[in-house]
Amino acid sequence: MSTFYDFSATALNGSEISMSDYQGLVVLVVNTASKCGFTPQLEELQQLHEQYFEQGLRILGFPCNQFGKQEPGSSEEISEFCQLNYGVQFQMFQKIDVNGADAHPLWKWLRDQKGGILGDVIKWNFTKFLIGRNGEVADRFAPTTKPSSLTKEIESLLNNSAS
């Protein structure tokens, strides 16, 4: 049986990052897009990053162009957009698919672990998965859920060494 730590993904800068690098940390995984109505959530995600980084929260952003073609840019354009508009310092990865035959293996696994209202399919950008320190998916949140509303869940996982 696979765990979160069995996967890897390519960062915007081209380096391969193993999810095992995040072992023992709380991780919030989000599919992002630069031209989406929910794009301002990048600001709240950055605020969570700043607020909880020292306590062990890591935020992983995965740009996706599957919903309304709202992430058309290259890795360089995505990186520049996130930096200039939202000061993003959390880890961003190269553009991926989250649904369908070409879905990134990590996202297939996340969907299998926690289905949503429409089954396991990701319905839009800014779907969020919260991973506990044990590498298990603790919860899944809809695109409409503001990152700032997740503080109670994040703090609970950060304060529970077994989570």
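For region 88-136, the candidate set comprises residues that are among the small types (Gly, Ala, Ser) and out of contact with any Leu (no Cβ under 9 Å at 6 or more places or on another chain); within that set, the residue that is farthest from Cys36 (Cα to Cα) is Gly135.
Have a look at Gln70, Gln46 and point out the one that is under 23 Å from Leu158 (Cβ atoms) and without any contact (Cβ under 8 Å) to a residue 60 or more places away in the chain. Even if it seems obvious, please write down each step before you answer.
Values: Gln70 fails: under 23 Å from Leu158 (Cβ atoms).
Among Gln70, Gln46, only Gln46 is under 23 Å from Leu158 (Cβ atoms) and without any contact (Cβ under 8 Å) to a residue 60 or more places away in the chain.
Restricting region 69-118 to residues that are closer than 22 Å to Gly135 by Cα and of a type in the set (Gly, Ala, Ser) leaves a set whose member that is modelled with the highest pLDDT is Ala103. Among the residues examined, Phe62 does not qualify as modelled with pLDDT of 85 or more, surrounded by fewer than 17 Cβ atoms within 10 Å (Cβ to Cβ) and within 17 Å of Leu130 (Cβ to Cβ). If you scan region 1-19, which residues turn out to be in contact with a strand residue (DSSP E or B) (Cβ under 8 Å, 6 or more places away or on another chain) and farther than 19 Å from Asp139 by Cβ? The answer is Ser8, Ala9, Thr10, Ala11, Leu12, Glu16, Ile17, Ser18. Annotation note: of Leu84, Leu110, the sole residue that is among the aliphatic types (A, V, I, L, M) and within 26 Å of Ser20 (Cβ to Cβ) is Leu110.
The values are calculated or read from the model by the stated rules, or taken from the named source; none is laboratory data. In this text, all values refer to a predicted model and were calculated from it rather than measured experimentally. Quick reminder, even Gly has a Cβ in these numbers, built from the backbone with ideal geometry, and neighbours come from all protein chains shown.
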